[in-house]
1. Of the residues that make up the range 215-229, is at least one at pLDDT 90 or above, open to solvent by less than 10 Å² (accessible area, probe 1.4 Å) and part of a loop (DSSP other than H, G, I, E, B)?
2. Is there a residue being under 20 Å from V788 (Cα atoms) and open to solvent by 10 Å² or more (accessible area, probe 1.4 Å) anywhere in the range 922-942?
3. Grab the strands (runs of 3 or more DSSP E) fully contained in the range 959-1061, keeping just those with 1 or more residues being at pLDDT 60 or above and closer than 30 Å to H782 by Cβ.
4. Which condition breaks for I341 when tested against (1) open to solvent by 30 Å² or more (accessible area, probe 1.4 Å); (2) closer than 22 Å to G571 by Cα?
5. Within the range 692-703, is there a residue that is under 19 Å from G748 (Cα atoms) and of a type in the set (K, R)?
6. Out of G787, G704, G745, G679, which single residue is at positive phi and in contact (Cβ under 8 Å) with a residue 40 or more places away in the chain?
7. For the range 352-405, give me each residue that is of a type in the set (A, V, I, L, M, F, W, C), modelled with pLDDT under 85 and within 30 Å of C599 (Cα to Cα).
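The values are calculated or read from the model by the stated rules, or taken from the named source; none is laboratory data. Because the structure is a prediction, the values reported are computed rather than measured. So basically every Cβ, Gly included, is an ideal-geometry build from the backbone, and we count neighbours across all protein chains shown. Just so you know, the surface numbers come from the protein's heavy atoms only, side chains and all, with ligands and any DNA or RNA stripped out. Shrake-Rupley method; radii C 1.70, N 1.55, O 1.52, S 1.80 Å.
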Amino acid sequence: MGGLNWKASEGSLPAVGSPRAPTLSQKGPRRLPASPAAAPSRDTSQTAASPLATCSRGLGRGRAEEEPSRGREERAGSGRGGPGSLSRGARARCCGPGSSGGDGAEVTMEVSGLPLELWRLILAYMRLPDLGRCSLVCKAWYELILSLDSTRWRQLCLRCIECRHPNWPNQPDVEPRSWREAFKQHYLAAKTWTKNAQELESSNCFYLFRRRKDRRILYVGPGCEFDNLGSALTSANIYDKIVLFPGIYEEQGEIILNVPVEIMGQGKLGDVALLVCVDQHCATTRLCNLVFMPVWFSPVMYKVSSGHVQFDNCNFENGQLQIHAPGTCQVKFCTFNQASISLHSVALCVLENCEFVGSEIASVTVEGHPSSDRNWAYKHLMGLVKSSSALSATLDSVPFNSSNPETLGHLPTGNLRTCEIVIGEDQNNFLATSKSPQACEKDFQKENEINRDLCPARDGKGIAHETDSNDSSQSSSSENEPEDQFVYRLSEQAPSLSHTLTRSLLSRPQTRLSNLQNNLELKTLHQELQRDSEAQSLASSLQGCLIRKCLFRDGKGGVFVCSQGRAKMEGNIFRDLVYAVRCVQNSKIIMLKNDIYHCKASGIFLRLEAGGLIADNNIYSNSEAGVDIRKGANPFILCNKIHSGLRSGIVVLGNGKGIIRSNQIYGNKEAGIYILYNGNPIVSGNHIFQGLAAGIAVNENGRGQITENVIRENHWGGADIRRGGDPVLRSNLICFGYSDGVVVGEQGKGLIEGNTIYGNKGCGMWIMSSSLPHITSNQIAHNSIYGVAVFCQKDDANDYLINQGSNENFNDEGEASNWENDLDGEDDRFSSQRPISVALIESNSINHNGAAGLYVKSNEALNVIANVIHANQESGLAVLQSTQLTRIANNSISCNHLGGVLIESECRVELRGNGIYDNSGPGVSSKGDGTVQENDIIGNRGCGLQLLQAANMKITKNRIHSFRDYGIVMLDHVKGLVQENMIFQGKTRKTILQQVSSLEDCLVQNNKLLAFKKSDVPWKLENPPARPHVEESTRSISTAHNSQKVANVTGRTATRVEGRCPNSRSIFCTVL
């Protein structure tokens, strides 16, 4: 702890040991009181400028080396013993009580001569100047004085009538880290008003010394020289001190303050009350320990137009303070009871440790751009507040997740099936490469532990997928395979969709999810400021008004900033207000480390091009949105906790923008972030979880760029897009929701790209056919119902989707707001996505979902292009209704528990260029209309292609094979054309083509039929190469005659998704 560099106000101190040296007693021995309660009462009154300055000078020099201390003692004439530190018990000497007798006798006082507790008891009765002088003796005495922090320094700080507890009013029960340091800081702040002395007129040091010496104290009260404040001010000279005795002083007219003075109340706070209207015209004034109330003719209690005013430990009742530029003010330890302060274009004003209670308007109003015309106090206030900024504490904050990130691009794909067809000799080559039961059990337990770490708040029965859906059937059926084998091989140039599954969650999915969540960990405020120079500039700026460690409660508003005003708020509490902070009309606010809760409207409200930085705040339990951004406002919202709100966490509407990053948004009753009416924010790196509605809702033409967020455990959709919402939803982790991962409702649009949608209780994606989304490159896995579901019915499942995001009226505290008719020009910063006219689902990995991978029940056109649909619990792709054409092209559909593609009657479907491999049922089963062209339908457990009922299909240029069933089956009243297909016979040697239909308009011609036979030469899928498939990076060597390479079946994959639905039955029972 360093020394205090305060100026001495009583001249040079004499050498220690001289007859003039101040000692423990200046007039001989002094009897100590019997207890601390008997300490002299004058200590409080003697905490004035000069003694305190002397003390500070002593403490500032206390860290001197021992040699200078020894030299000073030798010059003092002691000559005995050497100094030392307190810890080593070294001796230190000073004059004892008997040294003032004039005979030159000295009494040696050794620090080590008495127990430390006894020294502290003795020093607890010393006056402040004596403490300072003792600290000058040597290092041992300096450390002894410092050890009094929780005793004597605490007493001095709390007994000072100019201040209150250093942590008042927010934490009055929490002690400061150092009482001495708190006392020092108050002293420095209390002297700001006197620092313009050199600017009054040209003078020299003698003039300053003479002015201080001649400073008078004027007493006002009954029986004193002056009976009212006005008469005392008339007689006062510059820097005189006016002391008001207890009583009520009412002035009938406005007081014009022309002379810089200090006005102080005698006694406790509340004993002196002033009913005044003061207009300050002088350069500086200080007022302390007073209660201000307005007079009958004006609500304004104090007004400053050019100078500086300092209020310490005052109360303001039912009135206003007004500060106009270039005036400044410094207000500390004051209470505003139904009172307010208005700042007009001020360059800098400081409000610290104040309490604002019950105001019927905004407690603090900051209006106008900070003036460039600055008075003398500006530089002193700036130096004072920069020394203790709340921002410094945020730079060392701990990251939300400390695990080392691991990129998903390195995930192995060794358990993915290839599309080789193996028939014959060695059935061991066709079996899965599986682990021992003990190894599988260990893996399962480890994955459960990882899952509990990811979602500690969720419990319930786990859902375990013990194997890929196709593995068990392959294993069991392989036992009855013929011993001879024959191989259909893919050509080396076969196109592959393995890159689509590079980051999929097929192998050890919880580990992959943990890695992804590590990649998306929250950044600290320090990291966020480093990546954005504009936010860093805002955090370090200081203009207008600084409000620090204040309490705003039980009133209408906290802080109102308007007309290009500037305000900075640090470490405040806003509670039980209508609103905490409103910022409008091109104004800017900087809010750091504030608590905002129990507001009757929104906590923080920005509109009309407002901006600023809102960082590291705790915003919770507000009746409306935690943060409300509208009408072109564009703030930075970084690293906040926004939770437990009765409505949404953050609302962006009416062309509002904003950069929303690294926030924790959780436990809100409506959407965590709600974007509508052309709201267009950047939402990145946030954790949005455990909300009672959607994680992010984009409605009513809302837009925005929503990237790299973790959206988990929300009760409705992780992301909900509808009614013209058109966001970019990219690279988010959307997992463990109690409902769907992503919902695209009626007329929803947007680009949904590169997201991981995992482990949700509903569908991975729920899409309404009237929407127009572009869904690409997503990983959609382990969801309880469908991977992707497209529906045509209205959103009428209870009240689930109509008001899913929120139902706010968005009125600005009663004023009407027709946002549809009040929108500015559109912001095109995120409108670069590719325009589409038909809903598009492309290049996604849809795997291990609880029902069909892709479920279509639509009355609109749909394109399904280049997806990997793998290992789902029902069909890979099921089309139950499709009045418009559904195009299914270049997909890999493999290893699904039922068939590859299911098409119901009256559906229009085009299947072209797909690879449909290794499904447990038929490769394609159709009752509808359309074309099946240039597909590879290979290795499925049912028949290769099945046409039923009134199907009317054109089947051309396909390669079709089934292990144990017919290549093509046509039943009932099938129509269509089957030509130019290559059909391979399966192992059971059944007829290659089964035709039960006898209708003449079902034409079968020009097909190439390859019967099963034993041969060493494999059949190859080439010219053209095999259609899209999933390659295996790890291959084994078969025992066939030509040592052909065959695929490993994917090993056991176990995952456990914990959680439970919020209701006894899922809402999707009603939807589906």
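1. yes
2. yes
3. 959-962
4. Condition not satisfied by I341: (1).
5. Scanning the range 692-703 turns up at least one residue that is under 19 Å from G748 (Cα atoms) and of a type in the set (K, R).
6. G704 is the lone residue from the list that is at positive phi and in contact (Cβ under 8 Å) with a residue 40 or more places away in the chain.
7. Those that are of a type in the set (A, V, I, L, M, F, W, C), modelled with pLDDT under 85 and within 30 Å of C599 (Cα to Cα): V385, A390, L391, A393, L395, V398, F400.
Residues are listed down the side, and each one gets a yes or a no for (1) in contact with a Lys or Arg (Cβ under 7 Å, 6 or more places away or on another chain); (2) over 21 Å from G656 (Cβ atoms); (3) at pLDDT below 95:
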site: F560; (1), (2), (3): yes, no, no
site: N572; (1), (2), (3): yes, yes, no
site: V578; (1), (2), (3): yes, no, no
site: V581; (1), (2), (3): no, no, no
site: I590; (1), (2), (3): yes, no, no
